[in-house]
Amino acid sequence: MDAQGTLNPLPPIPAEEYKSRVAKMQELLDANRLDAMLVTSEDNYRYLTGFDSPTWVNLTRPRYCVVPRAGEPFLVVPANAAIICERTAPSIADVRTWIAPNPADDGVSIVADGLRSFATKYKRVAAELGAESRMTMPIGDFLRLKDMLAPIEIVDGFKFLLALRMVKSPAEVARIRRIAGIVSDSFDALKGSLRVGQSELEAGQIFKIDMLKRGAHTVPYVCVSSDRGGYRSINVGPCERTFNKGDLLMLDTGSAFEGYYCDFNRNYVFGKPSDELQGFHQLVWDSTEVGLKAVRPGVRMCDVWKAMADYLAANAGKGYLRKKQGRLGHGIGLRMCEPPSFSGIDETVIKAGMTLTLEPSIAFPVPGKDGTEERVVVHEENILVTEKGCELLTRRAPRELPVVN
C-alpha cells in the first residue's frame with residue numbers, strides 16, 4: 001500500500017506459468033488417450049490462457065480454446081476480441097476469428113476443423129462435461145459440433161482441469177489473499193454504518209460500494225439476510241426488509257481480484273443477543289476452530305467434514321434441527337465455489353496449496369406467528385493449506401456476535 005493508502009498492484013501472472021499449465025494439461029491428455037481439450041467456460045479459459053474480458057456476460061459471442069495433446073493451443077474468438085487476446089493472453093500466438101454474431105456458424109466450423117486436425121491418434125477429444133462444469137456455448141452448437149466431428153468421440157475432460165486447478169500457485173494465492181483482505185476490511189468497517197430502521201438493500205449497497213473503493217475488481221455475489229433470532233437462509237439477495245432490535249443480520253460475498261475469489265460471511269446483531277443466539281454463533285465459530293485444526297495435507301475432505309459435523313451434533317443441544325449435516329465448505333479460486341467439498345462423500349486428499357472455505361452452519365427452532373419456525377446461523381472463513389496445517393486468508397471473525405447499538 002502506498003502513502004495515499006492505495007493498494008499496490010500485484011505482479012502479473014507470468015506467461016511462463018500459463019505455458020506450464022498448458023504443458024501439464026497436455027501430459028494429462030496424452031496419458032488418458034485424448035487428442036485435444038475444448039474449453040469454453042470463463043474460469044478454465046482464463047486459467048489456461050490469461051484471457052480477461054468483461055464480455056463473458058455477453059452471450060451473443062462464444063469463445064473457444066483448443067489445447068492439443070501436442071503442439072500449440074489456439075483460440076477461436078469473434079474478430080473484435082482479437083485485441084483482448086493480444087493484451088491479456090500473449091502466451092497464445094494462434095488466434096482464429098470470425099465475424100460475429102453469425103447464428104448459422106458462430107465459430108463452430110473453425111473449432112471443428114482444428115479439432116479434426118489434432119484428433120489423428122486416439123480419435124478422442126475432451127470437453128467440460130463433468131459435475132459442476134459449464135460450457136459457455138449454445139447446446140445446439142455443441143450437438144452440431146459433435147455431429148461434425150463424428151466418428152471422433154467427445155468425452156469428459158473437466159476432471160483433468162480440476163486436477164490442475166485444485167492446488168494454487170503462489171501468484172494465485174496472492175490474488176485470493178488480496179481480495180480476502182479487502183473484504184475483511186469492509187466487513188470490519190460495515191458495523192459502523194449499520195442502524196435500526198435501515199433496509200437490507202441499503203446495507204448491501206454500502207457494503208458493495210466499500211469493497212469496490214478498497215480495491216475489489218468485481219462484486220458479483222452479495223447475499224443479505226436478516227430476521228429476529230436468526231435468519232432463514234443465506235442464499236438470498238437483499239430486500240426492502242428493515243432492521244429491528246433483536247434481528248440477526250448476515251452478509252455473504254463472493255468478490256474477486258483479477259478473477260480470483262474469496263467467499264465468506266459475517267454476522268451482526270441489533271441490540272443485545274439472547275444467550276441462545278449467542279451460543280449458536282459461538283458454536284459454529286468453535287466448529288470452525290475444529291476444522292482449522294483438522295485441515296492438513298494427507299487428510300481427506302470427508303474427514304475434516306466429520307470432525308466439524310460431529311462437533312456440531314455433540315454440542316448443539318436439543319434445539320439442533322439438522323442431524324444430517326450437508327456441505328461445510330468448499331474450494332475457492334477462479335470460481336467462488338469450486339471442488340472439492342467438505343462433505344461426507346468427498347474423499348479428495350487435501351494437499352498443500354489448496355485454498356478452501358470452512359463453513360459450518362446450524363439450524364434451530366424459534367417461536368413464530370404460526371408455530372415453530374426454522375432459523376440458521378452460518379460462519380465461514382477462507383484458508384490456505386500449508387505443509388503443516390493451514391493459514392487463514394480472511395481476518396478471523398470475533399467469537400462473540402458484533403453488536404449494533
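Once region 23-54 is narrowed to residues that are free of Cβ contacts under 8 Å to residues at least 60 places away in the same chain and farther than 14 Å from G259 by Cβ, the residue that is surrounded by the most Cβ atoms within 10 Å (Cβ to Cβ) is Q26. Selection within region 298-317: residues that are charged (D, E, K, R) and part of a helix (DSSP H, G or I). The member of this set that is nearest to I362 (Cα to Cα) is D310. Only residues that are within 24 Å of R61 (Cβ to Cβ), free of Cβ contacts under 8 Å to residues at least 40 places away in the same chain and assigned to a loop (DSSP other than H, G, I, E, B) were counted in region 128-161, giving 1. Of all the criteria given as (1) modelled with pLDDT of 95 or more; (2) surrounded by fewer than 21 Cβ atoms within 10 Å (Cβ to Cβ); (3) not charged (D, E, K, R), the one not satisfied by N235 is (1). Of the strands (runs of 3 or more DSSP E) lying entirely inside region 339-384, those containing at least 1 residues that are on the phi > 0 side of the Ramachandran plot are 371-378. In this structure, D310 does satisfy being surrounded by fewer than 22 Cβ atoms within 10 Å (Cβ to Cβ), within 20 Å of P340 (Cβ to Cβ) and modelled with pLDDT under 95.
With in contact with an Asp or Glu (Cβ under 8 Å, 6 or more places away or on another chain), surrounded by fewer than 23 Cβ atoms within 10 Å (Cβ to Cβ) and either more than 29 Å from A163 (Cα to Cα) or not aromatic (F, W, Y) (or both) as the only criterion, which of E289, E338, E347 stands out? None of the others qualify; the one that does is E338.
Suppose we filter region 4-62 for residues that are of a type in the set (D, E), part of a helix (DSSP H, G or I) and more than 23 Å from the chain's Cα centre (by Cα); how many remain? The total comes to 3. Mind checking whether some residue in region 88-97 is touching a residue at least 40 places away in the same chain (Cβ under 8 Å), part of a loop (DSSP other than H, G, I, E, B), in contact with a Pro (Cβ under 7 Å, 6 or more places away or on another chain) and surrounded by fewer than 19 Cβ atoms within 10 Å (Cβ to Cβ)? Scanning region 88-97, I find no residue that is touching a residue at least 40 places away in the same chain (Cβ under 8 Å), part of a loop (DSSP other than H, G, I, E, B), in contact with a Pro (Cβ under 7 Å, 6 or more places away or on another chain) and surrounded by fewer than 19 Cβ atoms within 10 Å (Cβ to Cβ), so the answer is no.
Within region 354-371, the set of residues being without any contact (Cβ under 8 Å) to a residue 60 or more places away in the chain and hydrophobic (A, V, I, L, M, F, W, C) comprises just one member, A363.
The values are calculated or read from the model by the stated rules, or taken from the named source; none is laboratory data. In this text, all values refer to a predicted model and were calculated from it rather than measured experimentally. Methodologically, a virtual Cβ is constructed for each residue, glycine included, from the backbone with ideal geometry; neighbour enumeration extends over all protein chains shown.
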